[in-house]
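See structure below.
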Amino acid sequence: MTKRIALIPGDGIGIDVTAEATKVLNTLIASRGLPLKLLAFDWGAEKYLREGITLPEGALDMFRREFDAIFIGALGDPRIPSNQHAVDILLGIRFGLDLYVNQRPVELLDAKLCPLKDRTEKDINFVVFRENTEGAYVGMGGNFKRGTPDEIAVQEDINTRKGVERILVYAFEYARRHGLTKVCMSDKSNALPHGHGLWQRTFAKVRERYLEIESRHLYVDALAMQIVKNPGQFQVIVTCNMFGDIISDLGAQLQGGLGVAPSANLNPGRVSMFEPVHGSAPKYAGKNVANPLAAILTVGIMLEELGFPEESARIEKVVAEAIHEGITTPDLGGSLGTREVAEWICARL
C-alpha cells in the first residue's frame, strides 16, 4: 500500500532545505518506484500571521488516521517574538502524538569535518536516544512576584516510571536489532536523587533483560567529557530530555555541525515525525546558501523507518560522496548553493 507523508516546510531556511530534500525523495520515488505520496501543509509563520492558525483543530487525529510519517522543516520567525506558532506545531505534534523517542545519529561522514584532532570516520559513529515527552521541557511550573526583586521561578522536572522504562527499552532493542554491543545511560542522580534516582532504579531492572549487551552508566558531565576525549567508546547513549538535547548537539558538532545532523521523533509502529535539527535562520532564507544535507539525511532516516533501508543507505552513501568531493555549501568548505548541492545528489542517486 502507498504510504503517505505529511510535509510541513516550516519557516526561513526550513522552506529552502525542505524543498531540496523533497526533490531527493521524489527522485527516489520515481527511479525506485517507492510507494510513497507527499501531501504539503502550509502551517508556519505566514499562515499564523495571516489567519492566526498554528496547528489546526483535528490535525493530530488526521495524522493518526491518514499518514505514516511527518517531514517538517525548521520553525521560527522574528515577526513572532514568542514563537507561539512553532511551539504549537512542533511541541504540539511531539506531545500530542506521544513521540517519546528522539533519535539523533552522530556519524562522521568525512574526517575533515571533525574538530577533534586525529579522529576518523571509524571513531565517531553512535546514536543518542533522548526521552522526548517528559523531563524539564513539559512546561510545568510558574512564577511568583514576577518582575519584582523577590521573583521566584519554579520549573518542574517530570519523570515517570513508564516514560523512563520505555525509552530505555527502545535503546536496548535498537542495539539488539542493529548488532550493537554497548549502551550507556546518563543522568545526574548524584545531584537529582529523586527524579534521576528513578532512572537509576529503572536502568538496573531493564539491563537485566539484555545481558548480551554491555551496559554502563555515566553522569552527564562525565559523559560530555568522555565524548570529547574518546567518542569511539560509544555506540548507543540514552538519557533524559534536557541532557539528550545538549549531548546530541555536542555530538552534532563532532560530525560537522547542525548542517549535517538529522533526527527522528518516534512512537514505534505509529505515525512519527522527522526533522533536521538546525534553526530557521531567517536572514539566510531564500538566498540559496543554506546547507540541505541535514534535511536530506533526515529523509534517509524516514525511509528506513518506513521500511526502505536500501534507499536510506543510498542517501547516506551519496551524501558522503558529496562531502568527499567538496560538493557542499560554504559552511562545509564548498562553494555551491542549496539547490546545486541537491541537484548533484539527485543526479548521483
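The values are calculated or read from the model by the stated rules, or taken from the named source; none is laboratory data. These figures come from a predicted structure and were not determined experimentally. Methodologically, a virtual Cβ is constructed for each residue, glycine included, from the backbone with ideal geometry; neighbour enumeration extends over all protein chains shown.
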Check: Which condition does Lys112 not pass, out of (1) in the same structural domain as Ile13 (by TED's automatic domain parsing); (2) of a type in the set (Lys, Arg); (3) outside any loop (DSSP other than H, G, I, E, B), if it passes all the others?
Finding: (1)
Next item on the list: Just need a number here: residues in segment 43-63 that are surrounded by 12 or more Cβ atoms within 10 Å (Cβ to Cβ) and not hydrophobic (A, V, I, L, M, F, W, C).
Entry: 6
Item checked: Selected residue (only one of Val299, Val289 is crowded, with 18+ Cβ neighbours inside 10 Å and on the phi < 0 side of the Ramachandran plot) -> Val299
Checklist line | strands (runs of 3 or more DSSP E) wholly inside segment 123-222 containing at least 2 residues that are without any contact (Cβ under 8 Å) to a residue 40 or more places away in the chain, out of contact with any Pro (no Cβ under 6 Å at 6 or more places or on another chain) and among the hydrophobic types (A, V, I, L, M, F, W, C) | finding: 152-155
Checklist line | Unmet criterion (only one of (1) free of Cβ contacts under 8 Å to residues at least 40 places away in the same chain; (2) buried (at least 21 other Cβ atoms within 10 Å of the Cβ); (3) over 17 Å from Leu109 (Cβ atoms); (4) hydroxyl-bearing (Ser, Thr, Tyr)) for Ser335 | finding: (2)
Next item on the list: Give the number of residues within segment 251-280 that are under 22 Å from Arg94 (Cα atoms) and over 13 Å from the mean Cα position of the chain (by Cα).
Entry: 6
Item checked: Hits in segment 288-316 (condition: among the charged types (D, E, K, R) and free of Cβ contacts under 8 Å to residues at least 40 places away in the same chain) -> Glu304, Glu310
Note to self: So for segment 184-205 (the condition being more than 25 Å from the chain's Cα centre (by Cα) and acidic (Asp, Glu)), does at least one residue qualify?
What the structure shows: no
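Table: residues versus (1) loosely packed, with under 13 Cβ neighbours inside 10 Å; (2) touching a Ser or Thr at 6+ places or on another chain (Cβ under 7 Å); (3) of a type in the set (Gly, Ala, Ser); (4) assigned by TED's automatic domain parsing to the domain that holds Tyr137.
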position: Asp150; (1), (2), (3), (4): yes, no, no, yes
position: Asn159; (1), (2), (3), (4): no, no, no, yes
position: Tyr170; (1), (2), (3), (4): no, no, no, yes
position: Val183; (1), (2), (3), (4): no, yes, no, yes
position: Trp199; (1), (2), (3), (4): no, yes, no, yes
position: Leu211; (1), (2), (3), (4): yes, no, no, yes
position: Ala224; (1), (2), (3), (4): no, no, yes, yes
position: Gln233; (1), (2), (3), (4): no, no, no, yes
position: Asn241; (1), (2), (3), (4): no, no, no, yes
Notebook entry, point to check: Could you say whether any residue in segment 103-124 is under 17 Å from Trp199 (Cα atoms) and under 22 Å from the mean Cα position of the chain (by Cα)?
Noted result: no
Next item on the list: Test Leu99 against the criterion of being at negative phi and touching a Gly at 6+ places or on another chain (Cβ under 6 Å), and give yes or no.
Entry: no
Notebook entry, point to check: Which one is surrounded by the most Cβ atoms within 10 Å (Cβ to Cβ), of the residues in segment 92-120 that are more than 23 Å from Phe63 (Cα to Cα) and of a type in the set (Asp, Glu)?
Noted result: Asp110
